[in-house]
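The values are calculated or read from the model by the stated rules, or taken from the named source; none is laboratory data. Values in this document were obtained by computation on a predicted structure and should not be read as measured data. FYI the Cβ positions are ideal-geometry reconstructions off the backbone, even for glycines, and counts take in every protein chain you see.
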Amino acid sequence: MYNFFGYFISVYVIVFGLIILWFIIQFRSENRFLLKKYDNDKGMN
Amino acid sequence: MLSVQNISKAFNRKKILKNISFSQKEGESIVFMGRNGAGKSTLFRIIARLMTYDNGSIIFQGKNLLKVKPIHSSKLFYLGHSPGMYHPFSAIENLNFLLSLRKIYKDQSEILDVLDQFGLMESANEPIGVYSEGMLQRLKIVCAQLMDWDMILIDEPFSNLDKDGLDLVQKHISFWRSQNKTISMILHNKNHAENFCDRILTLESGIIK
Amino acid sequence: MFLVLLKKELFIELRSKELILSMVVFGIAIVLAFSFSSNLSRAVVINYASGMFWITILFVSALGVHRSFAYEKEYDAFSMLVTAPIDRGLIFLAKWVSGFIYLTLMEILIIFPFFKFLMIDYPSNILIAISTTLFINLGIMAVANLVSGIAMRSNLSEILLPILFFPLVSPIIIAATKISTSVMLNDSYVLWEIWVLIVGSIIIISGLAGYVLFDYLVEE
Amino acid sequence: MTNYFQKKNNQWSILVIIILSIINILNIVYNTPMVPDQHWAQKIFYVHVPSAWIGFLSYFIVMISGFMYLTSRDNKWDNIGLAASEIGTFFMALVLITGPIWATPIWGQPWVWEPRLVTTLILFLIYIGYFMIRAYGGYIERMKRNAAALGIVAFINVPIIFLSVQFWSPEIQSHPQVEMAEQPSEILSPFIFSLIVFTMLYTVMIRYRVYVINLNNGMNEDV
């Protein structure tokens, strides 16, 4: 009954894993920019 | 003749030209001065439609150059730093090609005697790859002399010219001015600029003073 | 006006003959490489012949189109061309047709060694073979000029051109190999008629795209 | 310049997407029929085809934004083009990874010259060139114009690439679900649902990416 289950699981893990990874990368790069911007603004005034 | 309204241009997000605006009447000649990197050549290349610009508008002879087909800027001629010709071609072939590009048909004798005036006669048939910088500069002025234009943009007309080359070019420029043609040039030394133009505009880090 | 530009393109080549020589030498080198590597039986070589031929043409056209744009960069000749009061699409058309002429010239010089080295006999009806090859040349050159228009002004154009050119030209290469094999085995037209339509649609689409986009690509 | 997810409606959208995706996965696992000889491998189809659909959709958006940028010179369009091309290439990579995994159980060998897969591969290669142009295209304003032009050229070639590859390999037994219409309804409805969920996910991703790009550009501008 459960043959090819391995393929099924691996595909779903890859697809949804990478999508979550993508969100994490965006979140971190967003924070990096906000941090840098905060230093700029702080340095400015 | 030409009115430029708040042109601005940025390279790699660094603003080179910040809202440049000026206008030029028929027959008036203007010299642009400013230190290197102030954006003078960029402004000329933008007016000549060689380079795009971020915003603003350029009205030449009543037509907005951005909106209209290139055919309408046929009376505007631009001479840049580099000769803008093909190195395998000889001087005559280059001139013939550029003349036929603008649908001007001059017979060979007229081209030859203008070349003769500039002392380029003996090397007229050699490919311009072997020309020296000074000869290329003279060739550019020959090209300007042969074309029919109402307005010309010259980028440093007097660069790397020898003594009599300088007199020749100055003679021609004053000849053009007497013919009531509008000229705008980029120059670096003051006294040259004085006796060649009605107005001097200095470009300082993207703004006209 | 288009003829003036075309005359310039052809004269510039007559003057320096750089383009044709480098294309022919490069083509012959590839054919030699094929002939050395293919000491197989003639039967195998027959159905690979069209693939080998079109690979040679592919590399040579990439080299050729890069050379023809290199002329414009010397002495910034392109600036005088761009500031002239002509429609910029014409520059693309002139480049396209002159590239097509050079590629055909190069093929004429390559055909003889190609068939001799690989010991293949000529296709029976020469006329169809020639007309299809010319038709495919037109398609390859359309894509080549469009891509070099995009990659020409960037400072890494030598590397960018092949990277952009080969994926975009892959449908033509599939069509070309199919047409050439069926011409060699002289199948009936209806069998490979679809491929001629595909190459035709590529020519129309790349030509139009080039003509329209060149206005934006050419400005500095 | 707050965080993208501090705004109220963005939080709602990401929550809705997470819930819908979970429902989607449960729906696929539980109430889709077990095709006799393919068993679980057939269920990869519910993820593989939507991501291919999103890849082509985002390349279409790249073409539209390229065209708009060339005509209106407005930076907003270029940001959308960049975001769409990145996400499109991300999903195309997903398709190229899951394709062979799916092909091994069904056809026995990983890479099969199936028209859709080959079109995806060619487009993926073109977009590698696209990102090369974005990296080495000279100064930023000109690079954006070249990239927009390439975006347009890439998408108008999609039908040609697909057609030429389609006729090239007719003898290969075609994609199992190529005739979308005749699929039994209990396969079709979860597929449509998964397609909708993926498209909504895509809109959230592209809005988020555009926000980050603006942040990045905004940050450079002040420098």
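Output the residue which, of all residues in the range D:27-48 that are in a helix (DSSP H, G or I) and more than 12 Å from chain A (Cβ to nearest Cβ), is farthest from D:Pro105 (Cα to Cα).
At the first step, the residues of the range D:27-48 found to be in a helix (DSSP H, G or I) are D:27-30, D:39-48.
Subset that is more than 12 Å from chain A (Cβ to nearest Cβ): D:27, D:30.
Details: D:Asn27: 23, D:Tyr30: 21 Å.
Looking at the filtered set, the residue picked out is D:Asn27.
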Revision key, fill the gap. For the range C:189-209, the count of residues that are at the interface with chain D (Cβ under 9 Å from one of its Cβ atoms), touching a residue at least 40 places away in the same chain (Cβ under 8 Å) and not β-branched (Val, Ile, Thr) equals 2
Exercise for review: Might you let me know whether the range C:4-27 holds any residue that is surrounded by fewer than 15 Cβ atoms within 10 Å (Cβ to Cβ) and more than 30 Å from B:Pro127 (Cα to Cα)?
Suggested key: no
Practice item. Search the range D:74-85 for residues being buried (at least 21 other Cβ atoms within 10 Å of the Cβ) and within 13 Å of another protein chain (Cβ to nearest Cβ), and hand back the single one that is nearest to the chain's Cα centre (by Cα). Key: D:Ala83
Practice item. Go through C:Ile173, C:Ile111, C:Ile163 for me and flag whichever is touching a Gly at 6+ places or on another chain (Cβ under 7 Å), β-branched (Val, Ile, Thr) and outside any loop (DSSP other than H, G, I, E, B). Key: C:Ile163
Practice item. Report, by residue number, each residue of the range D:110-127 that is closer than 11 Å to D:Ala154 by Cα and of a type outside the set (Ser, Thr, Tyr). Key: D:Ile122, D:Leu123, D:Phe124, D:Leu125, D:Ile126
Exercise for review: Could you grab me the full set of residues in the range B:166-194 that are modelled with pLDDT under 85, assigned to a helix (DSSP H, G or I) and over 16 Å from the mean Cα position of the chain (by Cα)?
Suggested key: B:Lys190, B:Asn191, B:His192, B:Glu194
Point to revise | Unique residue being hydroxyl-bearing (Ser, Thr, Tyr), crowded, with 16+ Cβ neighbours inside 10 Å and within 23 Å of B:Gly27 (Cβ to Cβ) when the list is B:Ser184, B:Ser174 | key: B:Ser184
Exercise for review: Please specify each residue of the range A:6-43 satisfying the condition of being at the interface with chain D (Cβ under 8 Å from one of its Cβ atoms) and modelled with pLDDT under 80.
Suggested key: A:Lys37, A:Asn40
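With the requirement that a residue be among the hydroxyl-bearing types (Ser, Thr, Tyr) and at pLDDT 85 or above, what does the range C:88-141 give you? Don't jump to the end; show me each part of the working.
Initially, the range C:88-141 is screened for residues among the hydroxyl-bearing types (Ser, Thr, Tyr), giving C:98, C:102, C:104, C:122, C:124, C:131-133.
Result: C:Ser98, C:Tyr102, C:Thr104, C:Ser131, C:Thr132, C:Thr133.
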Check your understanding: Pick from the range C:186-216 the residues that are among the small types (Gly, Ala, Ser) and under 24 Å from C:Ser50 (Cβ atoms): which of them is surrounded by the most Cβ atoms within 10 Å (Cβ to Cβ)?
Key -> C:Ser206
Exercise for review: Name the single residue, out of those in the range C:54-79 being within 15 Å of C:Glu9 (Cβ to Cβ) and hydrophobic (A, V, I, L, M, F, W, C), that is nearest to the other protein chains (Cβ to nearest Cβ).
Suggested key: C:Ala77
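In the list D:Ser65, D:Ser13, which residue meets the criterion of being surrounded by fewer than 21 Cβ atoms within 10 Å (Cβ to Cβ), over 20 Å from C:Leu168 (Cα atoms), in contact with a helix residue (DSSP H, G or I) (Cβ under 9 Å, 6 or more places away or on another chain) and away from every other protein chain (no Cβ under 11 Å)?
Details: D:Ser65 fails: surrounded by fewer than 21 Cβ atoms within 10 Å (Cβ to Cβ).
When all the criteria are applied, what remains is D:Ser13.
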Review point. What single numbered condition from (1) at pLDDT 90 or above; (2) within 12 Å of chain D (Cβ to nearest Cβ) fails to hold for C:Ala144?
Key: (2)
Point to revise | Test for C:Glu219: is it within 14 Å of chain D (Cβ to nearest Cβ), acidic (Asp, Glu) and not in a helix (DSSP H, G or I) | key: yes
Study note, to complete from the structure: By residue number, the members of the range B:41-73 that are crowded, with 19+ Cβ neighbours inside 10 Å, out of contact with any Asp or Glu (no Cβ under 8 Å at 6 or more places or on another chain) and of a type outside the set (Phe, Trp, Tyr) are B:Thr42, B:Leu43, B:Ile46, B:Ile47, B:Ala48, B:Ile58, B:Leu65, B:Ser73
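Is it the case, given these coordinates, that B:Gly62 is within 30 Å of D:Asp74 (Cβ to Cβ) and away from chain C (no Cβ under 14 Å)?
On the way: within 30 Å of D:Asp74 (Cβ to Cβ): yes; away from chain C (no Cβ under 14 Å): yes.
Judged against the criteria, B:Gly62 is a match.
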Review point. Given (1) touching a residue at least 12 places away in the same chain (Cβ under 8 Å); (2) facing chain D (nearest Cβ under 8 Å); (3) not in a helix (DSSP H, G or I), where does C:Asn186 come up short, assuming only one miss?
Key: (2)
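Results for (1) farther than 29 Å from D:Gln166 by Cβ; (2) among the β-branched types (Val, Ile, Thr), shown as yes or no for each residue.
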site	(1), (2)
D:Ser21	yes, no
D:Asn31	yes, no
D:Val35	no, yes
D:Phe124	no, no
Exercise for review: Write out, first by first residue and then by second, each pair whose Cβ atoms fall under 8 Å of each other, whose residues are 6+ apart or on separate chains, and whose first residue, in the range B:102-115, is over 20 Å from C:Thr83 (Cβ atoms) while the second is assigned to a loop (DSSP other than H, G, I, E, B) and aliphatic (A, V, I, L, M).
Suggested key: B:Leu112/B:Met121; B:Leu112/B:Ala124; B:Leu115/B:Met121; B:Leu115/B:Ala124
**Study point:** Failed condition for C:Arg153, given (1) over 30 Å from D:Leu150 (Cβ atoms); (2) among the basic types (Lys, Arg); (3) within 14 Å of chain D (Cβ to nearest Cβ)
**Key:** (1)
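Which of the residues spanning the range B:75-87 are crowded, with 20+ Cβ neighbours inside 10 Å and either touching a helix residue (DSSP H, G or I) at 6+ places or on another chain (Cβ under 7 Å) or facing another protein chain (nearest Cβ under 7 Å) (or both)? Reasoning before the result, please.
In the first step, residues of the range B:75-87 are kept if they are crowded, with 20+ Cβ neighbours inside 10 Å; the result is B:76-80, B:83-86.
Listed by number, the residues that qualify are B:Phe77, B:Tyr78, B:Leu79, B:Gly80, B:Pro83, B:Gly84, B:Met85, B:Tyr86.
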